[in-house]
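Enquirer: Can you keep this structure in mind? I'll have questions shortly.
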Amino acid sequence: MLGDVLWAPWSAAVWTFAFAQMVGLAAVTLPLTLFIPFAKLQQWGPAYAMGWIPRLTLSRMRVHFDAGFDPRRVSMFFQNHVSVLDGHIALGSIPGAFCGMQKASYLKLPGYGWLMRLGNAIGVPPSGTPGRFEQMAEACQERASRGISILVFPEAHRTLDGKLLPFRSGVFEIARAAGLPIVPVAVRGMFDVLGKGRLVTRPGRIDVYIGPQIETTGLDETQVPALMERVRCIMEGWLERGERVDGAS
């Protein structure tokens with residue numbers, strides 16, 4: 001496409017800068033972790049710097065906070081999965097320190113795995129592992145005890161058309177078992193900027209909606225489907241219509 005040809009040079013510059021920035025931040029930050037916990041360093045520099053990468057696509061990015069969202073509460077943030085820059089979107093939107101979930105095997109990779117472990121990432125055991133969800137819930141509780149929130153992508157895979165994929169129930173079970181509130185994070189417009197399978201970025205408008213905390217304490221297994229539907233309703237309201245749902249102002 002002609003547009004891709006025109007934007008390819010700028011996209012190459014964005015990718016080059018993003019990679020150089022990651023290496024530079026690691027070189028500066030890693031020695032400091034000998035004296036300061038990474039969770040505290042995260043908001044001091046890396047989150048702010050990496051959160052600006054989506055804006056380098058010449059896109060306008062705005063974050064909209066629901067009136068029911070309390071930035072002081074440790075929570076599990078459930079974000080729709082659109083782009084390889086989703087992590088950068090989260091770093092530029094979610095207040096406070098947070099970690100992600102990765103396949104446990106990824107945490108064993110040289111370099112990358114070490115950095116993820118440094119960032120307090122939670123390893124996801126293979127399917128069929130006995131007590132899998134219980135282990136992950138305990139890990140979430142441990143991170144929360146240190147003031148670290150958790151970011152997950154309930155769809156598990158990036159969308160191919162910009163619409164929400166079906167949710168995996170496992171992360172909702174983990175949130176319930178951990179007793180942590182769920183915060184829907186809906187990112188609108190990122191699919192047009194850089195959808196799955198594309199390398200060339202396009203300028204656009206990125207609107208991020210941080211929803212209200214949804215309590216999980218006291219819920220039983222039979223109430224998980226309703227919890228999933230509530231989160232999905234909030235996300236789709238923003239993604240499809242730009243509407244704030246569920247007590248938003």
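Enquirer: Here is a list: 160, 151, 118. Which entry is at pLDDT below 90 and closer than 24 Å to residue 185 by Cβ?
Expert: From the options 160, 151, 118, the qualifying one is 118.
Enquirer: Here is a further query. Considering only residues that are within 16 Å of residue 42 (Cα to Cα) and part of a helix (DSSP H, G or I), which ones fall in region 75-113?
Expert: 87, 88, 89, 90, 91
Enquirer: Related question: Answer yes or no as to whether residue 146 is of a type outside the set (A, V, I, L, M, F, W, C) and at pLDDT 95 or above.
Expert: no
Enquirer: Between residues in region 110-126 that are touching a residue at least 12 places away in the same chain (Cβ under 8 Å) and residues that are hydroxyl-bearing (Ser, Thr, Tyr) and outside any strand (DSSP E or B), which pairs lie under 7 Å by C-beta distance while being six or more apart or on different chains?
Expert: So the pair list comes out as 116/106; 118/33.
Enquirer: Residues to consider are 41, 6; find the one that is surrounded by 15 or more Cβ atoms within 10 Å (Cβ to Cβ) and free of Cβ contacts under 8 Å to residues at least 24 places away in the same chain.
Expert: None of the other options fit; the residue is 41.
Yes/no matrix, rows are residues, columns are (1) modelled with pLDDT of 85 or more; (2) over 21 Å from the mean Cα position of the chain (by Cα); (3) at positive phi:
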residue	(1), (2), (3)
8	yes, yes, no
12	yes, yes, no
16	yes, yes, no
34	no, yes, no
38	no, no, no
53	yes, no, no
59	yes, no, no
64	yes, no, no
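Enquirer: Which residue is farthest from residue 180 (Cα to Cα), if the candidates are limited to region 197-232 and must be hydrophobic (A, V, I, L, M, F, W, C) and loosely packed, with under 13 Cβ neighbours inside 10 Å?
Expert: By that ranking, first place goes to 199.
Enquirer: Taking region 226-247 as the region of interest, how many residues are assigned to a loop (DSSP other than H, G, I, E, B) and not hydrophobic (A, V, I, L, M, F, W, C)?
Expert: Matching residues across region 226-247 total 5.
Enquirer: Any idea how many residues of region 171-196 are open to solvent by less than 20 Å² (accessible area, probe 1.4 Å) and more than 30 Å from residue 4 (Cβ to Cβ)?
Expert: 9
Enquirer: Also: If you check 72, 62, 55, which single one turns out to be part of a strand (DSSP E or B) and surrounded by fewer than 19 Cβ atoms within 10 Å (Cβ to Cβ)?
Expert: 62
The values are calculated or read from the model by the stated rules, or taken from the named source; none is laboratory data. As the structure is a prediction and not an experimental result, all values here were calculated from the model. Cβ atoms come from the backbone with ideal geometry, glycine included; neighbour counts cover every protein chain shown. SASA here: full protein model, heavy atoms, side chains in, ligands and nucleic acids out. Shrake-Rupley method; radii C 1.70, N 1.55, O 1.52, S 1.80 Å.
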